[in-house]
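Below: one structure, written as structure tokens.
The values are calculated or read from the model by the stated rules, or taken from the named source; none is laboratory data. What you see is a predicted model, and the numbers here were worked out from it, not measured in a lab. For neighbour counting, all protein chains shown are included, and Cβ atoms are generated from backbone atoms with ideal geometry for every residue, glycine included. In case anyone asks, the SASA skips ligands and DNA or RNA and just uses the protein heavy atoms, side chains included. Shrake-Rupley method; radii C 1.70, N 1.55, O 1.52, S 1.80 Å.
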Amino acid sequence: MKLRHATPTANLQAIMIQGLRPDLAVGKIKGCWLHSRAKTPWALLHTQIRKGTALEGLVVLEISVPRSWLTRYQAGLWYCTRAIPPARITGEAPATDWAASPVREN
């Protein structure tokens, strides 16, 4: 499955070396949280609030993982209780790319 993960850019270097590690999760569920494309705006806002980071300090990672690794939490939101290696990260984009207006001035 192709999903996404929103995280502070300060975490990016460690993630690219170690992958996404559920043992570092701080919530009740010890898992790596992933979301669908449609949930990206929600995930960015949620990460801003939880981490106290401005939008400019966030990045969205594209992740490719087998469905068997995932547990569905709700529509468009999944978690993975196993480590996701860096090789499964297929792309990244600054969070500000998701906040750009779809209407461009000429």
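Overview of results
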read-out	value
Taking the chain and dividing mean pair separation by its residue count, relative contact order in percent (alpha carbons under 8 Å, at least six apart)	37 percent
Reachable lysines from Lys39, criterion Cα separation under 17 angstrom, eight or more residues apart if same chain	Lys2
The range 1-54: relative contact order in percent, alpha carbon pairs under 8 Å with at least 6 residues between	46 percent
Along the chain, longest interval not containing exposed trypsin sites (Lys or Arg not before Pro), exposed being DSSP loop plus at most 12 other Cβ atoms within 10 Å	29-103
Distant alpha-carbon pairs in the chain (separation over 24 angstrom), percent	18 percent
For the range 6-59, the fraction of alpha-carbon pairs in successive 10 Å shells from zero, as %	23, 56, 21
Extended-chain gain in nm, criterion 0.36 nm per residue less alpha-carbon gap, Glu56 and Thr90	10.1 nm
Carbon and sulfur %, accessible surface of the chain computed with the full protein complex present, 1.4 Å	53 percent
Other-chain or far-sequence residues with amide H under 5 Å of Ala95's (modelled H)	Leu58, Val59, Val60
Extension reserve of the Ser64-His46 stretch, reckoned as 0.36 nm per residue once the Cα distance is removed	4.3 nm
GNM result for the chain, Cα springs below 10 Å: residue of Leu24, Leu12, Leu34 fluctuating most strongly	Leu24
Residues of the chain: accessible area per residue with a 1.4 Å probe, Å²	63 Å²
